[in-house]
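Okay, so here's the structure we're looking at.
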Amino acid sequence: MKLSEFRKKMVKPCFTLAEAHRVGWRTSLGQLTLQLHQWGRRGEILRLKRGLYCFPEKISDKAFVAGALYAPCYISLEYALNLHGLLPDIPFAVTLVTPRISRDFTNPYGRFIYHKIQKGLFWGFDPQTLLGEREKVLLDYFYLYRHRLEAETAFWRDLRFQNTKELDFKKLKRYAAFFPEKVKYLLRSFLIFCKKWKD
């Protein structure tokens, strides 16, 4: 099958090997894999992970790739904190949370790191953009990194948190009620750093 014909038949931007086979190949999976590899070498399709491919011109952004790679998930932690302007350093990878086991993928769009979070904490994000709310991603950060974070004003300053006035502090406290005590402890320290803590 020619690539132009395959493009017409495969309407999905991302597709699996099995989906490509169902679209119309009468050849073996081995021959199909070879054909996809050849198209990939020419840059006409991209391999996202083993058995998952995409048409590069149909990919809108990294969030789309993230959702196709390993769903369900949403963008959180360092990558989201940077997008929300709370941390200045641009992360080397897209960081996400998922109720599934932790995974790590690297492809032409970059590195995608998925951190496992409890199912009961998998909320607080836009299902269209997959971006977590700024308050939720901050609490995810406290929760998943709680063993390496210190409840000290100097520590938050060293991490170079910024634009904290953009946070909804009432929402932060409300969301924190769903997290373990260590997260609430870290939040109290962080709010002191933000000069927003009130007993």
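The values are calculated or read from the model by the stated rules, or taken from the named source; none is laboratory data. Just so it is clear, the model here is predicted, and its values are computed rather than measured. So basically every Cβ, Gly included, is an ideal-geometry build from the backbone, and we count neighbours across all protein chains shown. To get the accessible areas, we keep the full protein, side chains included, count just its heavy atoms, and leave off ligands, DNA and RNA. Shrake-Rupley method; radii C 1.70, N 1.55, O 1.52, S 1.80 Å.
Taking interchain pairs and intrachain pairs at least six residues apart, which have beta carbon atoms under 6 angstrom, with the first residue in segment 33-61 and of a type in the set (Lys, Arg) and the second part of a loop (DSSP other than H, G, I, E, B) and surrounded by 14 or more Cβ atoms within 10 Å (Cβ to Cβ)? Short answer, once both residue conditions are applied: 58/13. Checked against the criterion of being within 19 Å of residue 111 (Cβ to Cβ) and surrounded by 15 or more Cβ atoms within 10 Å (Cβ to Cβ), segment 14-31 has at least one qualifying residue. Is there a residue being open to solvent by 60 Å² or more (accessible area, probe 1.4 Å) and among the acidic types (Asp, Glu) anywhere in segment 1-13? Checked segment 1-13: at least one residue is open to solvent by 60 Å² or more (accessible area, probe 1.4 Å) and among the acidic types (Asp, Glu). Within segment 180-199, which residues are within 19 Å of residue 80 (Cα to Cα) and among the aromatic types (Phe, Trp, Tyr)? Passing the criteria: only 190. With respect to the conditions (1) within 24 Å of residue 64 (Cβ to Cβ); (2) open to solvent by less than 20 Å² (accessible area, probe 1.4 Å), residue 191 falls short on a single one, namely (1).
Among the residues of segment 32-55, how many are open to solvent by less than 50 Å² (accessible area, probe 1.4 Å) and within 22 Å of the chain's Cα centre (by Cα)? Outline the logic, then answer.
Step one: filter segment 32-55 for residues open to solvent by less than 50 Å² (accessible area, probe 1.4 Å), giving 32, 35-36, 39-40, 43, 45-46, 48, 51-55.
This time we only want the ones that are within 22 Å of the chain's Cα centre (by Cα), so: 46, 48, 51-55.
Residues in segment 32-55 being open to solvent by less than 50 Å² (accessible area, probe 1.4 Å) and within 22 Å of the chain's Cα centre (by Cα): 7 in total.
Please work out if residue 83 is under 14 Å from the mean Cα position of the chain (by Cα) and not small (Gly, Ala, Ser). Talk me through it step by step, then tell me what you get.
On the way: under 14 Å from the mean Cα position of the chain (by Cα): yes; not small (Gly, Ala, Ser): yes.
Yes.
Just to be sure I understand, how many residues within segment 165-179 are closer than 17 Å to residue 84 by Cα and not in a loop (DSSP other than H, G, I, E, B)?
From segment 165-179, those closer than 17 Å to residue 84 by Cα are 165-169, 171-172; that's our starting set.
So of that shortlist, the ones also not in a loop (DSSP other than H, G, I, E, B) come out as 165-166, 169, 171-172.
The number of residues fulfilling the criteria is 5.
Within segment 163-188, being over 20 Å from residue 149 (Cα atoms) and either among the β-branched types (Val, Ile, Thr) or in contact (Cβ under 8 Å) with a residue 60 or more places away in the chain (or both) holds for one residue alone: 166. Residues being under 26 Å from residue 73 (Cα atoms) and of a type in the set (Asp, Glu) are entirely absent from segment 151-162. Of 17, 77, which residue is modelled with pLDDT under 95 and not hydroxyl-bearing (Ser, Thr, Tyr)? Checking each option against the conditions leaves just 17. Listed by position, the strands (runs of 3 or more DSSP E) inside segment 67-160 whose residues that are aromatic (Phe, Trp, Tyr) and surrounded by 14 or more Cβ atoms within 10 Å (Cβ to Cβ) number at least 1 are 103-107, 110-116.
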